[in-house]
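K.L.:
I am attaching a structure below and will ask some questions about it afterwards.
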Amino acid sequence: MIKRILVFQNPSYLSLRNCQLVLKLPEVEKCDNVSEQFKKDTFKTIPIEDIGVVVLDHKQITITSALLTALLQNNCAVITCDDRHMPVGLQLPLESNTLQSERFRSQIDASEPLRKQMWQQTVAQKIRNQSAVLASVGAINGNMKEWSQNVRSGDTDNLEGRAAAYYWKNVFTSIDGFVRGQDEDAPNNLLNYGYAIIRAIVARSLVAAGLLPTFGIHHHNRYNAYCLADDIMEPYRPYVDMKVVEIVNSGIKYDELTTDIKRQFLSLSTIDVQIDGHISPLMLAAQITANSVKKCFEGVSRKILYPEL
């Protein structure tokens, strides 16, 4: 089942009633010059079971503890944003699978060779997907294809870095001197926002598979609670890049993250992707990937199933 992504960008009061998220707009409630029917129309309810990601993007949002608990129990990812409307926090459930402790153990005890092989597959598929993005913008990508085939266990030759350097110099052909960086000029703001959405979708899928997103196969940072999510999302990043390329080439202003631009990123969860010989919505593909990662840790399989652009 494809879960909904909800974004709240106005002063709101969010609560729980009968297993439903209840939305009230305080500013409307205070107005005396609006009809009761209008007030009723601004009162929204959404089944908790239909929600996959919630984005809280306003300082004057109040959310009850009961609702937050219900969302997390339903394996919903809750994202909070800062003054620049960029995601800064991610909440996920501590438990979502009855075999969780067993799977935690298989993940923690995974051998170094296994982790390096899993990272090799991850980097190779990321470069292949980046190569497809370059092809879509008419850039030369033969070197990218070759690099994707030559990734060694653990990517000891750092082909990921070499590919990234070439990729970012050629993907935005209409922008002179584009530099990819967290705090660099637009459209980095769009990339950052899109990656945060993908990160939440992947992290949610990993937790649903009974895995601990803290322990990565390559990323290791004592201050990062989502190292595994940051690893596994790598081949999914080019889907964000494709969306940003579309926005940039459309001619609209992208210096700021407008509501319309954000809406385009929220549709990422429902775009069709090819994975394991089938076409699936991206959110379901993330679940397929997470389950294949779990099987690798359990020794059932040696292959991670990633989407192919």
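K.L.:
Can you give me the number of residues within the stretch 226-238 that are outside any helix (DSSP H, G or I) and either open to solvent by 50 Å² or more (accessible area, probe 1.4 Å) or not hydrophobic (A, V, I, L, M, F, W, C) (or both)?
P.N.:
1
K.L.:
State all residues of the stretch 178-216 that are hydroxyl-bearing (Ser, Thr, Tyr) and surrounded by fewer than 21 Cβ atoms within 10 Å (Cβ to Cβ); if no residue qualifies, say none.
P.N.:
Within the stretch 178-216, 195, 214 qualify.
One line per residue, one yes/no per condition, for (1) assigned to a loop (DSSP other than H, G, I, E, B); (2) touching a residue at least 40 places away in the same chain (Cβ under 8 Å); (3) out of contact with any Cys (no Cβ under 8 Å at 6 or more places or on another chain); (4) not aromatic (Phe, Trp, Tyr):
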{"site": "219", "(1), (2), (3), (4)": "yes, no, no, yes"}
{"site": "240", "(1), (2), (3), (4)": "no, yes, yes, yes"}
{"site": "243", "(1), (2), (3), (4)": "no, yes, yes, yes"}
{"site": "246", "(1), (2), (3), (4)": "no, no, yes, yes"}
{"site": "249", "(1), (2), (3), (4)": "no, yes, yes, yes"}
{"site": "257", "(1), (2), (3), (4)": "yes, yes, yes, yes"}
{"site": "261", "(1), (2), (3), (4)": "no, yes, yes, yes"}
{"site": "296", "(1), (2), (3), (4)": "no, yes, yes, yes"}
{"site": "300", "(1), (2), (3), (4)": "yes, no, yes, yes"}
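K.L.:
Run residue 255 past the list (1) open to solvent by 60 Å² or more (accessible area, probe 1.4 Å); (2) acidic (Asp, Glu); (3) under 24 Å from residue 206 (Cβ atoms) and report the number of the one that doesn't hold.
P.N.:
Every condition holds for residue 255 apart from (3).
K.L.:
For the subset of the stretch 136-171 comprising residues that are assigned to a helix (DSSP H, G or I) and of a type in the set (S, T, N, Q), which member is least open to solvent (accessible area, probe 1.4 Å)?
P.N.:
For the stretch 136-171, the residue satisfying everything is 148.
K.L.:
Show the residue pairs that are 6+ apart or on different chains and have beta-carbon atoms under 7 Å apart, the first residue being within the stretch 177-188 and in contact (Cβ under 8 Å) with a residue 60 or more places away in the chain, the second being of a type in the set (D, E, K, R) and assigned to a loop (DSSP other than H, G, I, E, B).
P.N.:
Hits for this filter: 186/255.
K.L.:
Quick check on the stretch 99-121. Is at least one of its residues under 21 Å from residue 275 (Cα atoms), open to solvent by 50 Å² or more (accessible area, probe 1.4 Å) and either part of a loop (DSSP other than H, G, I, E, B) or touching a strand residue (DSSP E or B) at 6+ places or on another chain (Cβ under 9 Å) (or both)?
P.N.:
No.
The values are calculated or read from the model by the stated rules, or taken from the named source; none is laboratory data. Not measured: the values here are computed from a predicted model. Neighbour counts run over all protein chains shown; Cβ positions are idealised from the backbone, glycine included. Remember, those area values only see protein heavy atoms, side chains included, never the ligands or the DNA or RNA. Shrake-Rupley method; radii C 1.70, N 1.55, O 1.52, S 1.80 Å.
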